[in-house]
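In what follows, a single structure is set out as structure tokens and then discussed.
The values are calculated or read from the model by the stated rules, or taken from the named source; none is laboratory data. This structure is a prediction, so every number in the text was calculated from the model and none was measured. Glycine gets a Cβ as well: all are built from the backbone with ideal geometry, and neighbour counts include every protein chain shown. Keep in mind that these areas ignore ligands, DNA and RNA; they rest on the heavy atoms of the full protein, side chains included. Shrake-Rupley method; radii C 1.70, N 1.55, O 1.52, S 1.80 Å.
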Amino acid sequence: MGQKVNPYGFRLGITTDWKSRWFEERHYREFVVEDWKIRDYLMTQLEAAAVSRIEVERTRDRLRVDIHTARPGIVIGRRGSEADRLKKKLEEITGLQNRIQLNIQEIKQPELDAALIAQGICDQLVRRVAFRRAMKRAIQTVQKAGAQGIKVQCSGRLGGSEMSRKEQYREGRVPLHTLRADIDYGFREARTTSGRVGVKVWIYKGDILPYKVSIEDKITREAAMAVGETSGQSGPRRLITAGGGRRKADFGAPGEDAYATPNGATPDGELLDDLLLDDEDAVASPPVAVPADDATEDVAEDVVEDPVADLLPAAPTEPDDLERQLAKDEEMERQNRHQHHEAPHFRKESD
């Protein structure tokens, strides 16, 4: 009871992937130390580059290092000079000449990265900003970015006090015990004049449901099966937010034709690519462009999936065996929830 676990390692292999991807039996210890040296050197050299994480992937004779940063310009340098310098140093550490691939990947939303949020709080603590103000400012930034929950914890000599303590703030939901929850975790240390202050950040972005199939994957598999090819593997896991999305006022009430005009007909002579699909009115059909002289009754049956629909939550698909089993389990749990099983009472025999 009360033992803490790293949210990243707790979900490793379920909703998160390894940061070091390789397998070795003979030189396992050397490779582990090598990975640590690579990360330690890069994090030391790129303190101002807002580096979130470093991933290492090894093949038989090559090494690939992925640097996820919010400031790729600092990592690359002028005309790639900084990247070349880092690459040469990595060749000295690993002993692999001209066999290292350095990839710099930009983080599109640094406001939703827990490691960068923790680093931002540490930078403010070093500049002697009040720790409560820094924590609350980080919470507001993450909430404005669209996160469903955030928890921030600072521990150490807060405010320069003699006794170290912990203080934390939380907004929204942070379900740490839910394995399907997409929780980003970050930890950084602030080196202040009174000692080190540890900062931990948990950000809840939604649920990852692997059995939810998006419309694009379903269309691709159906089209492949129609021409006699294999359906192939499904795409990456889709992030399903718990909100469910809001219905736009232009689409009318549920059950009505989203693209019907007031007289009940679909507009003629326009491509259906310009129409935005809602999550409840989406129809899984191949893209079809309808000319102006076609019948209006056939237009409502063939709807084209718009690229903007990727930003919306996944549309409900046909329930598969797993979904039926989950629904059945939920129904059984709902029925047994109100049944109280009491232990039998035995009467005490009187003399």
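Three principal axis extents of region 1-156 based on alpha-carbon atoms, in descending order, are 48, 46, 29 Å. Looking at region 57-108, the accessible area is 65 square angstrom per residue; that uses a 1.4 Å probe and ignores ligands, DNA and RNA. For trypsin sites (Lys or Arg not before Pro), the sites in region 25-69 that DSSP calls loop and that have at most 16 other Cβ atoms within 10 Å are ARG26, ARG60, ARG62. The largest accessible area among THR15, THR141 belongs to the first residue in THR141, THR15, and the rest follow in falling order (1.4 Å probe, all chains). Mean sequence separation of contacting Cα pairs (under 8 Å, at least six apart), scaled by the length of region 12-80, corresponds to a relative contact order of 29 percent.
Please enumerate, by chain and number, the lysines with C-alpha under 25 Å from the C-alpha of LYS19, excluding those fewer than 8 residues away in the same chain. Here the lysines satisfying the reach criterion relative to LYS19 are LYS4, LYS37, LYS87, LYS88, LYS89, LYS108, LYS151, LYS200, LYS205. Comparing region 15-97 with the 2.2 N^0.38 Å rule of thumb, its C-alpha radius of gyration ratio is 1.12 (two decimals).
What a 1.4 Å probe finds exposed on region 89-162 is 40% carbon and sulfur by accessible area, rounded to a whole percent.
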